[in-house]
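The values are calculated or read from the model by the stated rules, or taken from the named source; none is laboratory data. Everything quoted here is computed from the prediction, not taken from an experiment. Here the Cβ positions follow ideal geometry from the backbone for every residue, glycine too, while neighbour counts run over all protein chains shown.
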Amino acid sequence: MTKPVVILVRPQMHENVGATARAMMNCCLTELRIVAPRDGWPDKATNRAYATASNADEILDHAQIFDTLADAIADLHFTFATTSRPRFQARETYTPTAAALATHEKIARGQRVGLLFGAERTGLENTEIMLANANINIPLNPEYASLNLAQAVLLVAWEFLRTADHTPPVQMPLATNIFPAMQKDVDFFLQRLVGELEPTGFFTSQDQKPNMLQNLAALFKRANLTDQELRTLHGIITALISSPHDNASLAVPSRCDAARNDRPEHP
């Protein structure tokens, strides 16, 4: 599948270019274009970009360098300019999610899409923004919307990845040999637990017993027990009933008993 192109316009620091490559690799984007980098390119002399890329070297190795933004977007059909400030221009401004959905739609129709990011200190200039077809604005704290270059790339790129991802919103990874317990087995455990609690006087009030049973059932049903966990719980009950303790020996001494024991003996 064709993916959007990330275009850095006048980036100032090689470290941020490397961090951008890392963010792109996180989100399965591979094509990076760099327009008029302040410190030149490639970064073979200092290796600062590769140090922060964290093994996303392939993206840096194949990065394309352009003198102007117009040249960098010449073969693209649609481009989004990311900006955190209102530019008072009559143009569509997307959230990252909306831009990601629109990008997928355009790619599905055979179009190539670019994502533009400006220099660290100033962002994109108005003349650069006007070369794009639409804006992306990331909703952030209005009193502090400043992002590191790679952070901005990560947020926008992640939305592109997320909107095509089918990971279940909630899941519980299990080992291949462990399965969730069947409800009949959970019910059997609850019956056994209640049966062992009955003679201990746990249910002190018959009026409250139905509520206590409901609480116990809710507790273990909500836990979504696995077979292994259920076997462990059965083992706990077996251990407790097979080694009864003298209740008197387990009694906690009262404060008065402790004081009496500490009293010195008199002849």
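Pairs please, first residue from the stretch 21-38 and more than 13 Å from GLN151 (Cβ to Cβ), second anywhere and small (Gly, Ala, Ser), Cβ atoms under 6 Å, 6+ apart in sequence or on different chains.
Every condition considered, the pairs that remain are ALA21/ALA53; ALA21/ALA56; MET25/ALA56; LEU29/ALA157; LEU32/ALA63; ARG33/ALA72; ILE34/ALA63; VAL35/ALA72.
Could you list all residues from the stretch 188-204 that are more than 21 Å from ASP227 (Cβ to Cβ) and of a type in the set (S, T, N, Q)?
Result: THR200, THR204.
For a quick check of your reading: which strands (runs of 3 or more DSSP E) sit entirely within the stretch 13-118 and have at least 3 residues that are more than 25 Å from the chain's Cα centre (by Cα) and assigned by TED's automatic domain parsing to the domain that holds GLU143?
In the stretch 13-118, 32-35, 64-66, 78-82 are the strands (runs of 3 or more DSSP E) which contain 3 or more residues that are more than 25 Å from the chain's Cα centre (by Cα) and assigned by TED's automatic domain parsing to the domain that holds GLU143.
Only one of PHE202, PHE179 is in contact with a helix residue (DSSP H, G or I) (Cβ under 7 Å, 6 or more places away or on another chain), at pLDDT below 95 and exposed (fewer than 14 other Cβ atoms within 10 Å of the Cβ). Can you tell me which?
Step by step, each of PHE202, PHE179 is checked, and only PHE179 is in contact with a helix residue (DSSP H, G or I) (Cβ under 7 Å, 6 or more places away or on another chain), at pLDDT below 95 and exposed (fewer than 14 other Cβ atoms within 10 Å of the Cβ).
Here are some residues: ALA100, ALA49. Which one is in contact (Cβ under 8 Å) with a residue 60 or more places away in the chain and surrounded by 14 or more Cβ atoms within 10 Å (Cβ to Cβ)?
ALA100
What pairs come out if I take residues in the stretch 125-150 that are surrounded by 12 or more Cβ atoms within 10 Å (Cβ to Cβ) and pair them with residues that are among the aromatic types (Phe, Trp, Tyr) and assigned to a loop (DSSP other than H, G, I, E, B) whose C-beta lies under 6 Å away, six or more apart or interchain?
Taking only residues 6 or more apart or on different chains, not a single pair turns up.
Within the group VAL153, VAL194, which residue is over 30 Å from ALA23 (Cα atoms) and either under 19 Å from the mean Cα position of the chain (by Cα) or surrounded by 16 or more Cβ atoms within 10 Å (Cβ to Cβ) (or both)?
It is VAL194.
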